[in-house]
Amino acid sequence: MTALGGMVIALTADRMGHRRMVVFGTGLCFVASFASAFATSVDQLLVGRVFEGLGFIAVTAAAPALLLRLVQPSDQRIAMSLWTTYMPVGAGTMMLISALVLPATSWRTTWLVAAGAAAVMLVALLWRAVPARKLDPRPVTRHPVWREMAEVATSGGPLAIAVCFGAYACCWFAVVGFLPTLQVERLGFSTSTAAIVTALVTAVNAAGNLSAGWLLQRGVPRVMMIVGATVPMAFCAAGIFVDGVPDLLRLVLAGLYSAVIGVVPGSLFAAIPVHTPRPDLAGASTGLLMQGSNIGGLLGPPITGALVSAGGWPNAAWLSSVALALVVASAVFLHWRERRKLAT
């Protein structure tokens, strides 16, 4: 859904109000997760997952715009880097909880845990965010949705951010998505053990996210961080798939890759305030980034599966190499745009 309509969802949040969208999305996640825990068929569970997905999209499309309003301009890079940890920390935590809970209880427990997390967040939002006057909607002159979409998509900077994030997500989801299969097939791990290892590999991505904000705050150029992390990690990602590498070393490489490459999303989210055509289009620029990210996340695993089916695991190294080369190219173009914009 986000791959097809990320910008539309973000522009809807601009008109509906970002705070309302976040509260609505969190409430929808709670209701859908709680109801799904009592599903009596796969069809009911899938319907619940669709509504959970809609709630997730609503929150992730609207929250960055609120964060930019809450912090000082000098702290925006740190705030955006902190925000990017929602995916690795959230996904890693939920995978870990599932791996520990599922062997002894029903799958319904994991949905109840998700519903509980959403309920806690909803209470926090109602308690602190809803009464905050600084988050009240600002009067902004709005243009037609398609016109604003075209303005963002043709401005260069946001499009380069989306392409860069999409290529990153394509490779990262390919590595993390197939890590459990590698562990079960090559190492003989149980599914629970494979899930725990994958959860840890996913969670350490947050280290790179946070490092990006810290380095940006100290004046390290964005392009230097992205290129400096991506080039060596291209070899690291290839080492996960190629023959001749000890299987346990593959897991170490996967953890290293996930941690270091995490500087890419941290750097790109922090670039949104710099490259958005107008401050009131920061939400739409975030939506385009999310669209690129989800397109990459959709394409990475099936392409990897096709490559592995055609010629074995070493073939997957081609995808990681091409995707990370695109990350480097996009980062260099973004740096050129950034220097040109700051010069004017």
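Of everything in the range 62-100, what is assigned to a helix (DSSP H, G or I), farther than 21 Å from GLY17 by Cα and touching a Phe, Trp or Tyr at 6+ places or on another chain (Cβ under 8 Å)? Give them in sequence order.
Listed by number, the residues that qualify are ILE78, SER81.
Give the residues of the range 303-344 that are without any contact (Cβ under 8 Å) to a residue 40 or more places away in the chain and within 19 Å of ALA234 (Cβ to Cβ), sorted by residue number.
Listed by number, the residues that qualify are LEU307, TRP318, VAL322, ALA329.
Just to be sure before I move on: is GLY92 buried (at least 21 other Cβ atoms within 10 Å of the Cβ), in contact with a Ser or Thr (Cβ under 6 Å, 6 or more places away or on another chain) and at pLDDT 90 or above in the structure I sent?
Yes: the conditions hold for GLY92.
Residue by residue, here is whether (1) surrounded by fewer than 20 Cβ atoms within 10 Å (Cβ to Cβ); (2) more than 22 Å from the chain's Cα centre (by Cα); (3) modelled with pLDDT of 90 or more holds:
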{"site": "GLY188", "(1), (2), (3)": "yes, yes, no"}
{"site": "SER192", "(1), (2), (3)": "yes, yes, no"}
{"site": "ALA199", "(1), (2), (3)": "no, no, yes"}
{"site": "ALA203", "(1), (2), (3)": "no, no, yes"}
{"site": "ASN209", "(1), (2), (3)": "no, no, yes"}
{"site": "GLN217", "(1), (2), (3)": "yes, no, no"}
{"site": "ALA229", "(1), (2), (3)": "no, no, yes"}
{"site": "VAL242", "(1), (2), (3)": "yes, yes, no"}
{"site": "VAL245", "(1), (2), (3)": "yes, yes, no"}
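Only one of (1) over 22 Å from ALA37 (Cβ atoms); (2) at pLDDT 85 or above fails for VAL140. Which number is that?
Checking VAL140 against (1) over 22 Å from ALA37 (Cβ atoms); (2) at pLDDT 85 or above, the one that fails is (2).
Condition first: crowded, with 18+ Cβ neighbours inside 10 Å, touching a helix residue (DSSP H, G or I) at 6+ places or on another chain (Cβ under 8 Å) and part of a helix (DSSP H, G or I). Can you find one or more residues in the range 101-109 that meet it? Before the answer, list the steps.
Just the residues of the range 101-109 that are crowded, with 18+ Cβ neighbours inside 10 Å, to begin with: none.
The answer is no, given that none of the residues of the range 101-109 is crowded, with 18+ Cβ neighbours inside 10 Å, touching a helix residue (DSSP H, G or I) at 6+ places or on another chain (Cβ under 8 Å) and part of a helix (DSSP H, G or I).
So if I check each of SER211, SER155, SER192, which one is of a type in the set (S, T, N, Q), in contact (Cβ under 8 Å) with a residue 24 or more places away in the chain and not in a helix (DSSP H, G or I)?
SER155 is the lone residue from the list that is of a type in the set (S, T, N, Q), in contact (Cβ under 8 Å) with a residue 24 or more places away in the chain and not in a helix (DSSP H, G or I).
Answer with yes or no whether ARG15 is closer than 20 Å to SER293 by Cβ and among the basic types (Lys, Arg).
Taking the combined requirement at face value, the residue does not satisfy it.
Mind listing just one residue for me: the one in the range 279-296 that is of a type in the set (Gly, Ala, Ser) and at pLDDT 90 or above and, of those, surrounded by the fewest Cβ atoms within 10 Å (Cβ to Cβ)?
Here the answer is GLY296.
Which pairs do you get when a residue that is farther than 24 Å from ALA212 by Cβ, found in the range 241-264, comes within reach of a residue that is of a type in the set (D, E, K, R), reach meaning Cβ atoms under 7 angstrom, with the pair 6+ apart or on two chains?
Within 7 Å, the pairs are ASP247/ARG186.
Identify the residue in the range 299-316 that is modelled with pLDDT under 90 and of a type in the set (A, V, I, L, M) and, among all such residues, is surrounded by the most Cβ atoms within 10 Å (Cβ to Cβ).
Per the criteria, the residue is ALA316.
Of the residues that sit in the range 1-38 and are modelled with pLDDT of 95 or more and not in a helix (DSSP H, G or I), which one is surrounded by the fewest Cβ atoms within 10 Å (Cβ to Cβ)?
Checked the range 1-38; the qualifying residue surrounded by the fewest Cβ atoms within 10 Å (Cβ to Cβ) is PHE38.
Being touching a Phe, Trp or Tyr at 6+ places or on another chain (Cβ under 8 Å) and within 30 Å of VAL220 (Cα to Cα) narrows it down to one residue among VAL327, VAL332, VAL322, VAL308; which is it?
Step by step, each of VAL327, VAL332, VAL322, VAL308 is checked, and only VAL327 is touching a Phe, Trp or Tyr at 6+ places or on another chain (Cβ under 8 Å) and within 30 Å of VAL220 (Cα to Cα).
The values are calculated or read from the model by the stated rules, or taken from the named source; none is laboratory data. It should be emphasised that the depicted structure is a prediction, and the values quoted were computed from it without experimental measurement. Backbone-built Cβ (ideal geometry, glycine too); neighbour counts: all protein chains shown.
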